[in-house]
Amino acid sequence: MKILIIGGGNMGLTYARSFVRAHITSRLDLRLLARSPARVAALAAHEIGTVWGTPEECVPGAGIIILAVKPQDSGALFARLAGLVRPEQVVLSIMAGVTVATLRQALGTPKIIRAMPNLPAQIGMGMTAFTSTDEVSRAELVQVQNLLSTTGKTIYVENEAAIDASTAISGSGPAYVYYCMDALMAAAAQMGFAPAEAELLVSQTFRGAVELYSQAGLSCADWIAKVSSKGGTTEAAMRAFGAGQVREGLMAGAGAARDRAEELGR
């Protein structure tokens, strides 16, 4: 499987390393395209594939083309790829907010897959939602899912609108977790813990809570009930969260993220 990754940033490099480590492709069949000579040299130093600086030499021979550039750079990217992408090639885009219709029109090719990974993909713990056009065959879809699964879990969605929703939940979601962790670290500091102690208390609590959740078929409400006792400390915290509308605030934040993703697409 000859794969071309366009974009040598964090996600492009994450994919390259994951594909080779999982033996889905070899260094000989993996190509990377970067824009600046400095980035070409930096990527070449990793020795995970052949690095190119111009698309004319590397796009034609690829079976799957992965667009891993920032969405604000999509216009310049489309201009560089004009007339190079062939109808039989599969294009996988991870550019947030860039719609399937935009990709199809800009590249003039029918086989489009749009995906939204998140930051933990860098350590193989990512969550990626993806969708595709009807022209992508079942075999091609399985190939791409296997590629995406090298960085964590995947979910296929029929409706492209769900990609914007996944951007708001799993794409931006790590930031919500860090936001809550930071608030609890600040609370711990106010209670007299040193910064290193506060970080350990909070990070290990989050790690353990998620692991417990993943190992048992209980809901979040079930786990809250297990931690709580009538008239106890957890119940007091939950009352304060309710009074401060913490739950509603997090839901509103996710809604704002989805709206922004849809706006970017327009």
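Every read-out reported here was derived from the displayed coordinates using simple, explicitly stated rules and does not represent laboratory data. For clarity, every value in this text was computed on a predicted model and none was experimentally measured. Glycine also receives a Cβ, built like all others from the backbone with ideal geometry; neighbour counts cover every protein chain displayed.
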Exercise. Which aspartates and glutamates does residue 230 reach when only Cα atoms under 16 Å apart count, and residues fewer than 8 places away in its own chain are ignored?
Worked result: 222
For this session: Go ahead and run the numbers for FRET between residue 207 and residue 56, Cβ-Cβ distance against an R0 of 41 Å, rounding to 0.05.
Result: 0.30
Exercise. Going highest first, how would you order 55-63, 128-136, 227-235 by mean Cβ packing within 10 Å?
Worked result: 128-136, 55-63, 227-235
Exercise. For the residue pair residue 176 and residue 224, what label-to-label distance in nm results when each label sits 7 Å from Cα along the Cα-to-beta-carbon direction?
Worked result: 1.4
For this session: Let me have the relative contact order for the chain, percent, based on Cα pairs under 8 Å that are six or more residues apart.
Result: 14
For this session: Evaluate the charge dipole of segment 7-156 about its Cα centre and quote only its size in Debye, nearest 20, assuming +1 on the Cβ of each Lys and Arg and -1 on the Cβ of each Asp and Glu.
Result: 280
Problem set entry | Model label zone, residue 21; criterion: amide N under 11 Å from point 7 Å along Cα-to-beta-carbon; scope segment 81-124 | 121-124
For this session: With +1 on each Lys and Arg Cβ and -1 on each Asp and Glu Cβ, and nothing else charged, work out how big the dipole of segment 125-266 is about its Cα centre, in Debye to the nearest 20.
Result: 520
Seminar exercise, completed: Expressed in nanometres to one decimal, the distance between label points 7 Å along Cα→Cβ at residue 238 and residue 88 is 6.0
Exercise. Looking at 236, 139, 249, which one has the Cα that reaches farthest to the positive end of the dipole of the chain (charges on Cβ: Lys, Arg +1; Asp, Glu -1)?
Worked result: 139
Problem set entry | Amide N of segment 192-225 lying under 19 Å from the label point, which is placed 7 angstrom from the Cα of residue 186 along Cα→Cβ | 192-203, 206
Exercise. According to a simple spin-label model (label point 7 Å from Cα along Cα-to-Cβ), what is the distance in nm between residue 42 and residue 247?
Worked result: 4.4
Problem set entry | Within the chain, helix-based [θ] at 222 nm, where runs of 4 or more DSSP H residues each add -39,500 (n - 2.57), nearest 500 | -15500 deg cm²/dmol
Exercise. Say the dipole of segment 155-211 comes from +1 at the beta carbon of Lys and Arg and -1 at that of Asp and Glu; which of 196, 178, 159 then lies farthest toward its positive end?
Worked result: 196
Exercise. At q = 0.13, 0.22, 0.25 Å⁻¹, what log₁₀ I(q)/I(0) does a Debye calculation on the Cα points of segment 67-138 give, no solvent, two decimals?
Worked result: -0.38, -0.98, -1.16
For this session: Measure out, as a whole number of angstrom, how far apart the alpha-carbon centroids of segment 199-256 and segment 84-136 sit.
Result: 35
Problem set entry | Dipole magnitude (debye, nearest 20) for the chain, charges at Cβ of Lys, Arg, Asp, Glu | 300
